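Remarks on the structure that follows.
Bear in mind that the values in this text are calculations on the coordinates, not laboratory data. Predicted model only: the values in this text are computed from it and were never measured. Because the Cβ atoms are built from the backbone with ideal geometry, glycine has one as well, and the counts that use them run over all protein chains shown.
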C-alpha cells in the first residue's frame, strides 16, 4: 500500500523494460502518465529517465507524456517547477524524452502534445501556458534561458 503517495518509478520502469525487451526494428514508444500530485520518488524517477536516455539513440524513440490534473498540481508552483524542469531537460539527460502538460490547459489533445516535441529541439515544445499564466511566471523565468 502506497498510503496516497505517488511512486511512479516501479511501474514506469516495468513499462520501459518491457518495451526494450519486445521492441523490433527501432519501434518507438509513447507512454502516458496521469497524475494528480507530486511524485514521491522524484530522484528515482529522474534516475530512471537518465538511464533510459543512455539506452537510446534519439529522443524520438520514446516519449513520456505526464498529464497533471487537480489542485495538488495546478496550485503548487513547486510541483509545476519539477515537471517543467524535466520537460525542458533541466537535468541534462542525454535526450529529452519527457513532456509535461496540464489536462485543463490542453486545448489541442494528446497527439499534438507529442508532435510538438518530436522536432530537433524538443525544449522549444514547452506548453504555452507555462509562459502565459501569471501564476507560473517564476517557473517560466527560471527556465526561459533553456527554451528561448
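Couple of notes before you dig in:
- One decimal place: the segment residue 17-residue 94 gains 25.9 nm when fully extended, by the rule 0.36 nm per residue minus the C-alpha distance.
- Kirkwood Rh in Å, taken over region 84-140 so that all alpha-carbon pairs contribute: 11.8
- Using 0.36 nm per residue and subtracting the Cα-Cα separation, the extra length available between residue 24 and residue 145 on full extension is 39.8 nm.
- Fewest-first sequence of 78, 131 by Cβ atoms within 10 Å of each Cβ: 78, 131
- From its DSSP helices (H runs of at least four residues, each -39,500 (n - 2.57)), the chain gives a residue-normalised ellipticity at 222 nm of -12500 deg cm²/dmol.
- Tensor-based shape of region 10-64 (alpha-carbon gyration tensor, a/c under 1.5 rounded, otherwise prolate or oblate): prolate
- Whole-angstrom gap from region 5-57 to region 78-148, using each part's C-alpha centre: 18
- Placing a pseudo-label 7 Å from each Cα along the Cα-to-Cβ vector at residue 58 and residue 71 gives an inter-label distance of 4.5 nm.
- Annotation for residue 115 and residue 34: the two label points, set 7 Å from Cα along the Cα-Cβ direction, are 2.3 nm apart.
- Cα convex hull of the chain - mean projected area over all directions, nm²: 8.8
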